[in-house]
Amino acid sequence: MPYGNIVSVYLGPDETISALTDNGLEELTDMIRAARINTKTWQEFLEDFVDDAALVTRIKALSPR
């Protein structure tokens, strides 16, 4: 995702809020849609982009829709 699609606001030395622009949301939607083509690509997407191993395990246990 290009950095122009992510907006970060620095609130202090240790606090930042980041958000996606409309283009960033569209790009993320496209990435998720492409990842959900089959179980293998979805699991690879989760492993690459979700930093919480317990959450990845819980999501993988759900049946794809």
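Cβ separations smaller than 7 Å between residues 6+ apart or across chains give the following pairs from segment 19-39 residues that are within 17 Å of SER8 (Cα to Cα) and touching a residue at least 12 places away in the same chain (Cβ under 8 Å) to residues that are outside any helix (DSSP H, G or I) and among the β-branched types (Val, Ile, Thr): ALA19/VAL7; LEU20/ILE6; THR21/VAL7; GLY24/ILE6.
Candidates are the residues of segment 1-32 that are charged (D, E, K, R) and within 22 Å of PHE45 (Cα to Cα); the one that is surrounded by the fewest Cβ atoms within 10 Å (Cβ to Cβ) is ASP22. For segment 48-62, residues that are small (Gly, Ala, Ser) and under 15 Å from ASN38 (Cα atoms) total 1.
We did not get these values from a lab; they are worked out from the coordinates using the rules stated. What you are looking at is a predicted structure, and each value in this text was computed from that prediction instead of being measured. Note: ideal-geometry Cβ built from the backbone for every residue, glycine included; neighbour counts use all protein chains shown.
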